[in-house]
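*Asks:* Take a look at this one; I'll ask things after.
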Amino acid sequence: MNLVCRNIATVVILVAVSLSHAQFERSKPDTQPIHHPVPSIQDTESLAQRDARMQWWREGRFGMFIHWGLYSIPAGTWDGKQIPGIGEWIMNNASIPVAEYKALAPRFNPTSFSAREIVALAKAAGMKYMVITAKHHDGFAMFDSKANSFNIVAATPFKRDPLRELAEECRKQGMKLGFYYSQDQDWTAPGGSAYKTGNHDSASHHWDSAQDGDFDSYLHTKAIPQIKELLTQYAEFPVVVWFDTPTANMTPDRAAEIVTLLNQHPNLIWNNRLGGSYQGDTETPEQYIPPQGFPGRDWESCMTINATWGYKSYDTNFKSVETLLRNLIDIASKGGNYLLNVGPDSKGVIPAAEAERLQQIGKWLAVNGEAIYDSKPTLFGPEAGALSPIEEEKMGNPKFIPSWNWRSTTKADKIYIEIFTWPGSGSFHLVKPPRKVTSAYLLADPTHTPLKLMQTGDSVNVHLPAKALDPIATVLVLNTSN
Ligand code: FHN
C-alpha cells in the first residue's frame with residue numbers, strides 16, 4: 001500500500017487489490033458490439049454524445065428509489081400470517097389469487113400522499129433524482145393508464161395520478177424523475193411472466209389459472225402501450241426508465257420493440273435489465289457495492305434502507321446513518337451512484353425512521369457534498385479493502401474484506417480524503433501522493449484554515465486537530481498540482 005493511516009494496526013493479512021485510476025475511467029466497453037434486431041442509442045451514439053447524455057446522472061451520485069404500490073396495504077401480512085420475503089413480493093410469496101389481490105385496489109386510498117413533501121425530502125437528503133415504481137411485478141399501475149384499467153386512477157377511490165403530481169413537483173423543485181417499469185413479470189395480467197417462488201410448479205410458475213395466457217398478447221396490450229404512456233404523458237420526464245427482472249420471455253425481438261420506443265427519446269437513460277441482450281446504460285448491482293466498481297461502465301448500487309423495498313409494517317431493520325453514509329461515500333469513491341430505496345405506507349407516507357435517516361445524510365452532504373457530487377473516483381484504491389486469502393464467497397472466489405478507515409474522491413485539482421477512523425497520531429500520512437500536495441484543510445471547517453503540512457522525502461504529513469469534526473466522516477481536502 002502506498003498510503004498509510006498511521007494509527008491503524010492491520011490484524012488480518014490481506015491481499016491488496018490493485019485498483020488503479022485507469023480501471024475506473026468510464027468509456028465504452030472494449031467488447032465486440034452485440035448485434036441487436038433494433039440498434040439502441042448505446043449502439044449508435046459517439047462517446048462524446050454518450051458523455052453528454054449521461055452527464056447529469058454521473059454528477060448526481062445520489063438518488064431516491066421509491067417502491068410503492070398495493071402491497072403497502074397488506075404490508076407483509078396476509079390472512080393473519082407474516083409472509084417471509086420482501087414486501088412487494090407478497091402476492092407471489094403467499095400465492096395470492098389474482099381476484100383476491102386485485103380486491104386490494106378499492107381499498108387503496110393514500111390520502112396523505114404529498115408529492116411536494118416527498119420531493120422536498122429527497123432534496124433535503126441531497127438526492128438529485130428519484131425513480132418510482134410505475135408498475136411493479138404485481139401489475140398494478142401507479143399512474144393514469146388508458147391501456148389497462150388496473151391502475152390507481154381507474155381502480156381506486158384515490159383517483160389521483162402520483163406520477164403526474166411527482167412530475168409537477170420535480171419540475172418546481174429542480175429534481176429529476178425516473179420511472180421503474182416491470183416489463184416482463186406481471187402477475188395479474190394474463191400471459192405475464194412470473195418467477196418461481198414457493199410451490200408454483202407449473203411451467204409458467206403461475207399459481208392461478210387467471211394468470212395463464214399469451215406473453216405476446218400481454219406485451220402488446222399492456223406493457224408496450226403502458227411504456228408508451230409513461231414516455232409521453234409527463235413532458236420532460238421520465239429521464240430514467242428502470243426495467244427489472246427480464247425472463248427468457250424477453251427475447252431480443254421482443255425487447256427490440258421496446259427499444260424502438262426508447263429510441264424516440266434521445267436523452268433517456270435506461271438500465272441493463274431490459275433483457276434480450278441489450279446492455280442499456282447502467283449496471284445495477286443490487287444490495288451490494290462492487291469492490292472495484294464496473295470499469296468502463298456507468299453503475300448504480302440500489303439498496304434498501306431496511307430489508308424490504310415495498311413497505312412491511314414490521315421491518316424495522318433500518319440501516320444506521322453511519323452505514324448509509326459510508327455506502328454513499330464508498331460508492332462515490334468507486335465511480336458509481338447510490339439509489340437508496342424508501343417504501344411509503346398505504347397512506348402514502350414515507351416512514352419516519354426512513355425520513356429521519358435521509359435528513360441526516362442531507363445534513364452531512366450540505367457541508368461535504370463538494371466531495372461527492374461530480375467527483376471522480378479514488379486515485380489510490382487499496383484503502384477500500386482487500387481480498388481475503390482465506391475466506392471465500394458463495395461462488396468460490398476470494399471474499400473482499402472492506403476496510404473502513406477512509407475513502408477518497410477527486411476533482412481536477414483536489415483530492416478528498418473522507419476519514420471514517422480518525423488517526424490517533426494527530427496526522428494523516430501519505431506516501432508518494434499521486435500529485436504534489438500544495439495545501440490542505442477540512443471541508444467542515446467553515447474558515448477552511450490551512451492545516452500544517454510536512455513534506456519529507458516522497459511523503460506528506462497533514463497535521464489534524466485532535467478530534468474529528470464529524471462523527472461519521474470528516475473530509476480532508478488536499479489542494480494539488482501536477
Ligand atoms: O424483484 C425485484 C424487487 O422486488 C425489487 O424491485 C428490486 C429492486 O432492484 N428488483 C427486483 C429484484 O432484483
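The values are calculated or read from the model by the stated rules, or taken from the named source; none is laboratory data. Please read these numbers as outputs of a predicted model, since none were measured by experiment. Neighbour counts run over all protein chains shown; Cβ positions are idealised from the backbone, glycine included. Heads up: the accessible areas ignore ligands, DNA and RNA and are worked out on the full protein's heavy atoms, side chains in. Shrake-Rupley method; radii C 1.70, N 1.55, O 1.52, S 1.80 Å.
*Asks:* I need the full set of residues from region 424-435 which are in a loop (DSSP other than H, G, I, E, B) and either open to solvent by 20 Å² or more (accessible area, probe 1.4 Å) or touching a Cys at 6+ places or on another chain (Cβ under 8 Å) (or both), in order please.
*Replies:* Scanning region 424-435 gives Gly424, Ser425, Lys432, Pro433, Pro434, Arg435.
*Asks:* What residue, among those in region 81-97 that are open to solvent by 20 Å² or more (accessible area, probe 1.4 Å) and part of a helix (DSSP H, G or I), is nearest to the ligand (Cβ to nearest atom)?
*Replies:* Trp89
*Asks:* Could I ask something else about it? Which pairs have Cβ atoms under 7 Å, sit 6 or more apart or on different chains, and link a residue in region 171-186 that is farther than 25 Å from Ala255 by Cβ to one that is open to solvent by 10 Å² or more (accessible area, probe 1.4 Å)?
*Replies:* Listed pairs, sorted by first residue: Gln173/Ala120; Gln173/Lys123; Met175/Lys123.
*Asks:* Also, I was wondering about something else. Being away from the ligand (no atom under 16 Å from the Cβ), open to solvent by less than 20 Å² (accessible area, probe 1.4 Å) and either of a type in the set (A, V, I, L, M, F, W, C) or at positive phi (or both) is the requirement here; does Phe243 meet it?
*Replies:* No: the conditions fail for Phe243.
*Asks:* Let me ask you something else. Take region 125-170 and flag every residue that is open to solvent by 10 Å² or more (accessible area, probe 1.4 Å) and of a type in the set (A, V, I, L, M).
*Replies:* Ala147, Val153, Ala154, Ala155
*Asks:* Additional query: Inside region 244-277, can you point out the residues that are among the basic types (Lys, Arg) and in contact with a strand residue (DSSP E or B) (Cβ under 6 Å, 6 or more places away or on another chain)?
*Replies:* Arg273
*Asks:* May I ask you to say which residue of Thr421, Thr456, Thr438, Thr410 is loosely packed, with under 13 Cβ neighbours inside 10 Å and under 22 Å from Glu370 (Cα atoms)?
*Replies:* Unique residue meeting the criteria: Thr438.
*Asks:* Give the number of residues within region 46-70 that are open to solvent by less than 10 Å² (accessible area, probe 1.4 Å) and polar (S, T, N, Q).
*Replies:* 0
*Asks:* Go through region 163-174 residue by residue and tally those that are closer than 18 Å to His67 by Cβ and either in a loop (DSSP other than H, G, I, E, B) or more than 21 Å from the chain's Cα centre (by Cα) (or both).
*Replies:* 1
*Asks:* Asp43 versus (1) surrounded by 20 or more Cβ atoms within 10 Å (Cβ to Cβ); (2) part of a helix (DSSP H, G or I): which is the lone unmet condition?
*Replies:* (1)
*Asks:* Among the numbered conditions (1) under 28 Å from Ile361 (Cα atoms); (2) open to solvent by 10 Å² or more (accessible area, probe 1.4 Å); (3) assigned to a helix (DSSP H, G or I), tell me where Glu100 comes up short.
*Replies:* (1)
*Asks:* State whether one or more residues within region 71-80 are of a type in the set (Ser, Thr, Tyr), part of a strand (DSSP E or B) and either in the same structural domain as Leu325 (by TED's automatic domain parsing) or buried (at least 20 other Cβ atoms within 10 Å of the Cβ) (or both).
*Replies:* Yes, region 71-80 contains a residue that is of a type in the set (Ser, Thr, Tyr), part of a strand (DSSP E or B) and either in the same structural domain as Leu325 (by TED's automatic domain parsing) or buried (at least 20 other Cβ atoms within 10 Å of the Cβ) (or both).
*Asks:* Go through region 246-265 and count every residue that is over 17 Å from Thr221 (Cβ atoms), crowded, with 19+ Cβ neighbours inside 10 Å and either not assigned by TED's automatic domain parsing to the domain that holds Tyr180 or not aliphatic (A, V, I, L, M) (or both).
*Replies:* 1
*Asks:* Within region 279-335, which residues are within 16 Å of the ligand (Cβ to nearest atom) and hydroxyl-bearing (Ser, Thr, Tyr)?
*Replies:* Within region 279-335, Thr282, Thr284, Tyr288, Ser301, Thr304, Thr308, Tyr311 meet the criteria.
*Asks:* Out of Lys222, Lys228, I need the residue that is charged (D, E, K, R) and open to solvent by less than 10 Å² (accessible area, probe 1.4 Å). Which one?
*Replies:* Of the residues listed, the single one that is charged (D, E, K, R) and open to solvent by less than 10 Å² (accessible area, probe 1.4 Å) is Lys222.
*Asks:* Follow-up. Name the residues in region 266-277 that are open to solvent by 20 Å² or more (accessible area, probe 1.4 Å), more than 16 Å from the ligand (Cβ to nearest atom) and closer than 22 Å to Tyr195 by Cβ, would you?
*Replies:* Ser277
*Asks:* Here is a check on your reading of the model: is Tyr234 under 20 Å from Gln49 (Cβ atoms), open to solvent by less than 30 Å² (accessible area, probe 1.4 Å), modelled with pLDDT of 95 or more and assigned by TED's automatic domain parsing to the domain that holds Leu163?
*Replies:* Criteria not met by Tyr234.
*Asks:* Within the set of pairs 6 or more residues apart or between chains, which connect a residue that is away from the ligand (no atom under 16 Å from the Cβ) and among the charged types (D, E, K, R) inside region 117-143 to a residue that is assigned to a strand (DSSP E or B) and open to solvent by 10 Å² or more (accessible area, probe 1.4 Å) with Cβ atoms less than 7 Å apart?
*Replies:* Partner pairs satisfying both residue conditions: Lys128/Lys176.
*Asks:* Does Ile269 qualify as being closer than 25 Å to Trp404 by Cα, in the same structural domain as Gln359 (by TED's automatic domain parsing) and among the β-branched types (Val, Ile, Thr)?
*Replies:* no
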